[in-house]
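Worksheet: the structure to be examined is printed underneath.
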Amino acid sequence: GPKVLQIPSHQIIDMGQMVTLNCDPVSNHLYFYWYKQILGQQMEFLVNFYNGKVMEKSKLFKDQFSVERPDGSYFTLKIQPTALEDSAVYFCASSSRTGGNEQYFGPGTRLTVL
Amino acid sequence: GQQVQQSPASLVLQEGENAELQCNFSTSLNSMQWFYQRPGGSLVSLFYNPSGTKHSGRLTSTTVIKERRSSLHISSSQTTDSGTYLCALANTGYQNFYFGKGTSLTVIP
């Protein structure tokens, strides 16, 4: 079936540094999402992105977070600067349209902030 | 408040027994999906099922919108079914998923 890829699978960085998480969504999909799951906790919605814009974001999507998808390349989540509480697994998802459509999830990027 | 409630939180079965996992939601529903989360954390989509009943092998998902619930039935459980089962629903046009806390299933031989 359709696959979403995420790069890297693991990232370890020092607090205060910048990190960019990359997502390669399903090729004909138009809606993109980031979710965050702290180890042992519930998966939570961060942000969605459509037509070059953030359409909705949760309170977890702090000012230090940004997303973009320049020229149809990777859909990225950038955190600058990182904080200890950003340590989590970040999942990217994509879907083809609204009005009820299946989301395809990537394998996640495990981010560890030291 | 919590929009998606999953029950039971954990379940232990003898191999061969059936399992019924529940997902109840407090809002209207636009989209509903069931996932299996591997011990390593990656997600396997089991069903996209915003309404009605779907079957896949030993798995059956039934969503009843007016009762605000969805269920996942696993028949003849196997040890390889062990793991965490998540339901997720979306209730807005942009389909942001709200996840339940999951049901942890352990199947013993």
Checking the structure you have, find out if any residue of segment B:23-31 is assigned to a strand (DSSP E or B) and within 12 Å of chain A (Cβ to nearest Cβ). yes
Out of segment A:1-37, which residues are free of Cβ contacts under 8 Å to residues at least 60 places away in the same chain and more than 25 Å from A:ARG97 (Cβ to Cβ)? A:THR20
Evaluate segment B:30-39: report whether one residue or more is more than 17 Å from B:GLN78 (Cα to Cα), open to solvent by 50 Å² or more (accessible area, probe 1.4 Å) and in contact with a strand residue (DSSP E or B) (Cβ under 8 Å, 6 or more places away or on another chain). yes
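The rows are residues; the columns are (1) closer than 29 Å to B:GLY83 by Cα; (2) under 11 Å from the mean Cα position of the chain (by Cα).
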{"residue": "A:LYS3", "(1), (2)": "yes, no"}
{"residue": "A:MET15", "(1), (2)": "no, no"}
{"residue": "A:TYR33", "(1), (2)": "yes, yes"}
{"residue": "A:ILE38", "(1), (2)": "yes, no"}
{"residue": "A:LYS53", "(1), (2)": "no, no"}
{"residue": "A:GLU102", "(1), (2)": "yes, no"}
Every residue in segment B:72-84 that is surrounded by 15 or more Cβ atoms within 10 Å (Cβ to Cβ) and in a loop (DSSP other than H, G, I, E, B), please. B:SER77, B:SER82
Subset of segment A:38-84 (residues that are closer than 29 Å to B:GLY40 by Cβ, without any contact (Cβ under 8 Å) to a residue 24 or more places away in the chain and away from every other protein chain (no Cβ under 14 Å)): A:LYS62, A:GLN64, A:PHE65, A:SER66, A:GLU68, A:SER73
Is it true that some residue in segment B:44-61 is surrounded by 15 or more Cβ atoms within 10 Å (Cβ to Cβ) and under 19 Å from B:ALA9 (Cβ atoms)? yes
Within segment B:8-19, restricting to residues that are surrounded by fewer than 15 Cβ atoms within 10 Å (Cβ to Cβ) and more than 14 Å from chain A (Cβ to nearest Cβ), the one that is farthest from A:GLN42 (Cα to Cα) is B:GLY16
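Here is a yes/no grid of residues against (1) outside any strand (DSSP E or B); (2) away from every other protein chain (no Cβ under 11 Å); (3) under 22 Å from A:VAL89 (Cα atoms):
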position	(1), (2), (3)
B:PRO39	yes, yes, yes
B:THR60	no, yes, no
B:LEU86	no, no, yes
B:ASN96	yes, no, yes
Okay, strands (runs of 3 or more DSSP E) sitting entirely in chain A with 1 or more residues that are within 30 Å of B:ILE65 (Cβ to Cβ) and touching a strand residue (DSSP E or B) at 6+ places or on another chain (Cβ under 8 Å), I get A:31-37, A:43-50, A:53-57, A:88-95
Which of the residues that make up segment A:85-96 are open to solvent by 10 Å² or more (accessible area, probe 1.4 Å) and at the interface with chain B (Cβ under 9 Å from one of its Cβ atoms)? A:VAL89
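The values are calculated or read from the model by the stated rules, or taken from the named source; none is laboratory data. Fair warning: this is a prediction, and the values are worked out from it, not measured in the lab. Cβ atoms come from the backbone with ideal geometry, glycine included; neighbour counts cover every protein chain shown. Calculation scope for accessible area: heavy atoms of the full protein, side chains included, ligands and nucleic acids excluded. Shrake-Rupley method; radii C 1.70, N 1.55, O 1.52, S 1.80 Å.
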